[in-house]
Amino acid sequence: MKSTVERLSPTRVRINVEVPFDELKPDFDRAYKKIAQQVRVPGFRPGKVPARIIEARLGRGVVLEEVVNGAVPAKYSEAVTSAEDITPIGTPDIEVTEIADGDKLSFKAEVDVRPQIDLPDLSSLAVSVDDVEVSDDDVQEQLENLRARFGTLAGVERPAQKDDFVLIDLSATVDGEPVEEAQTTGFSYQVGQGGLIDGIDDAVTGLSADEEATFTSRLVAGEFADRDAEITVKVTAVKERQLPDADDEFAQLASEFDTLDELTADLRERLGRVRRMEQVTQARDKVLDAIVDATEVPLPESVVKAEVDSAVHDAVHPFDHDEAKFEEFLVSQGSSREQFDTETKEAAEKSVRTRLVLDALADREQTTVSEQELTERIVFQAQQYQMQPEEFVRRIQEAGQLGAVYSDVRRSKALIAAVRAASVTDSSGSEVDLSDLLGEDEDEDEGAETTDAAQAGTEPSEDAPAASEEKAPASS
């Protein structure tokens, strides 16, 4: 087999392939065997029809078509593997240019490839992160949250106010017609929580038990979606959360500590660790931005287009792919289709640019991924989707996304290596040592904190089908 590569642009190549017919014998054997299973010829058992009979009955063209359909993808892959400095990142456009029966098969394939990227010296990168600050107010807030977990609700004889819990009955009408899906009784709601019905917090605030109020709100779902409804809310009970006293007895109830001082000291230490992990996240994000900003990255058009198409599909899907309804929704949100398209393309370009930079960084740093690291990422993602790891693996294998997970881990590790090499200071100008969270180098065990830092992750791989990053693997 002979193959040549023409570079059409920094991100696209044409691969010309010529295959002698004598190399296609295994493909002819496969084709004859497949066709023999499909045809029925009197006097021959299924699968036992000789090649000459197949050609006599069906014609040589049917056999050649089957050979070409099977051989071209395999020969394309072989040509890509043998080519130097070419990493395809999209689906190839293949055209068979010549079938000279008994002589040769020729085809050409155009495909987007990873561009050659010149990365900056990592040691020249300098970023600043927030100081690790844990105030008394921060500790007190954590203590109050812990007290709230052990609080109890008690009925009160007064009007409802913010943070109270109220039992409510709800009903709604649109133009005098009852809205069945908006009717409920005995519903527990925390005043100020939000997320139930617009306007309900203002309506119930100041109401005592057995008092009601009426207000107008726009419905967001159901038969009367996007229409104004008259909502009646009746408060049947008002309760306040009573918290246990913050003392040694509470510390013993809520923790393994004997005194309140020990408990608050532990809360302060935990918050300090959280702030340090926030420094890791800040450093990672800022180092990545610095590398991308300092790097010229030609963008493969087809890869960007695929990402845009996927984002548009996901956005329009909830509207049954009705473009008019989707545009109406955008207008209701103070946007427009033009603005949406512009922002979607910009996001796609940034996503693709980031992936290409991280892949180039992983190549330069010779980043590898162990089986244990891949397994840890799979378990982590399975937990995110609330799936058993075995089921998650089955799903991603069926969807052809295992390579995407591998690429994500590799990019994460490459970015962590970049953070190690960069200069990181806090807002006060002091150098920040993150080595205990990142690990000293590639060969050392990075520990649970480093795994957490890496899990915060990077963009999905172009090896994966274009999809929203939060989308679970498809079920079969």
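Is there a quick way to get the dipole size of the chain? I mean about its Cα centre, with the Cβ of Lys and Arg at +1 and of Asp and Glu at -1; what is the value in debye to the nearest 20?
So the magnitude is around 3580 debye.
With charges only on Cβ, +1 for K and R and -1 for D and E, what is the dipole size of region 1-80 about its Cα centre, in debye, rounded to 20?
The dipole magnitude comes to about 340 debye.
Can you give me the angle between helix 301-316 and the longest principal axis of the chain, using Cα atoms only, in degrees from 0 to 90, rounded to the nearest 10?
40 degrees
Can you tell me how region 223-352 classifies by the Cα gyration tensor, rounded, prolate or oblate, using a/c under 1.5 as the rounded cut?
oblate
Can you list residues whose amide H is under 5 Å from Leu207's amide H, if they're 5+ apart or on another chain and H is modeled 1.01 Å from N?
Ala160
Taking amide H positions as placed in the peptide plane 1.01 Å from N, state which residues far from Val49 in sequence (5 or more) or on other chains have amide H under 5 Å from it.
Under 5 Å from the amide H of Val49 lies no amide H from a residue far enough along the sequence or on another chain.
Nearest 10 degrees, 0 to 90: what angle lies between the long axis of helix 402-421 and the longest principal axis of the chain (Cα atoms)?
Long axis of 402-421 versus the principal axis of the chain: about 70 degrees.
Taking 2.2 N^0.38 Å as the expected size of a compact globular protein, what ratio does the Cα radius of gyration of the chain give against it, to two decimals?
1.38
From the phi angles alone, apply the Karplus equation (6.51, -1.76, 1.60; θ = phi - 60°) to region 289-300 and give each ³J(HN,Hα) in whole Hz, x where the residue is Gly or Pro.
So the J values, rounded to whole Hz, are 4, 5, 5, 5, 5, 8, 10, 8, 10, x, 9, x.
Which FRET efficiency, nearest 0.05, do Phe187 and Ser430 yield, Cβ-Cβ r, R0 60 Å?
For R0 = 60 Å, the calculated efficiency reads 0.70.
Skipping prolines and chain starts, which residues have an amide H placed within reach, meaning under 5 Å, of the one on Asp164, given they are 5 or more residues away or on another chain?
Distant-sequence amide H within range of Asp164: Val191.
For region 157-306, with the dipole built from +1 on Lys and Arg beta-carbon atoms and -1 on Asp and Glu ones, taken about the Cα centre, which of Phe250, Val174, Val233 lies farthest toward the positive end?
Ranked along the dipole, the leading option is Phe250.
Compute the helix-to-body angle for 371-384: its Cα long axis versus the longest principal axis of the chain, expressed 0 to 90° and rounded to tens.
50 degrees
Kindly write out, for region 20-27 in residue order, the coupling ³J(HN,Hα) from the Karplus curve 6.51 cos²θ - 1.76 cosθ + 1.60 (θ = phi - 60°), rounded to whole Hz, with x marking Gly and Pro.
Going residue by residue, I get x, 5, 5, 7, 9, 4, x, 6 Hz, with x marking Gly and Pro.
Could you work out what % of the accessible surface of the chain is carbon and sulfur, using a 1.4 angstrom probe and leaving DNA, RNA and ligands out of the count?
Solvent-exposed carbon and sulfur of the chain make up 45 percent of the total.
What is the Cα centroid distance between region 254-291 and region 2-70, reported in whole angstrom?
Using only Cα atoms, the two centres lie 63 Å from each other.
Quick one: Cα centre-to-centre distance for region 102-137 and region 395-440, in angstrom?
12 Å
Given Cα positions, please report Rg to Rh for region 361-429, the hydrodynamic radius being the Kirkwood one.
Here Rg/Rh amounts to 1.13.
For the chain, what is the calculated [θ] at 222 nm in deg cm²/dmol (nearest 500), taking -39500 (n - 2.57) for each run of four or more DSSP H residues and dividing by its residue count?
One gets -14500 deg cm²/dmol as the mean residue ellipticity at 222 nm.
Could you tell me which residue out of Val49, Val352, Ser188 lies farthest along the dipole of the chain toward its positive end? Charges go on the beta carbon: Lys and Arg +1, Asp and Glu -1, centred on the Cα centre.
Val49
By its C-alpha gyration tensor, with a ≥ b ≥ c as the square roots of the eigenvalues, how is region 292-398 shaped: rounded for a/c under 1.5, else prolate for a/b larger than b/c, else oblate?
Since a/c reaches 1.5 but b/c is at least a/b, the shape of region 292-398 is classed as oblate.
Quick check: the distance between the Cα centres of region 307-332 and region 200-221, to the nearest angstrom?
32 Å
Would you work out the charge dipole size for region 49-183 about its Cα centre, treating the Cβ of every Lys and Arg as +1 and the Cβ of every Asp and Glu as -1, and quote it to the nearest 20 debye?
For this selection, approximately 1180 debye.
May I ask you to order 355-362, 381-388 by the average number of other C-beta atoms within 10 Å around their residues, highest value first?
Put in order of decreasing packing, that is 355-362, 381-388.
Sorted by packing (mean other beta-carbon atoms within 10 Å per residue), highest first, where do 111-118, 27-34 land?
In decreasing order of mean packing, 111-118, 27-34 become 111-118, 27-34.
The values are calculated or read from the model by the stated rules, or taken from the named source; none is laboratory data. All values reported here derive from a predicted model rather than from experimental measurement. Every residue, glycine among them, receives a Cβ derived from its backbone with ideal geometry; neighbour counts consider all protein chains shown. Note: areas computed on protein heavy atoms with side chains; ligands, DNA, RNA excluded. Shrake-Rupley method; radii C 1.70, N 1.55, O 1.52, S 1.80 Å.
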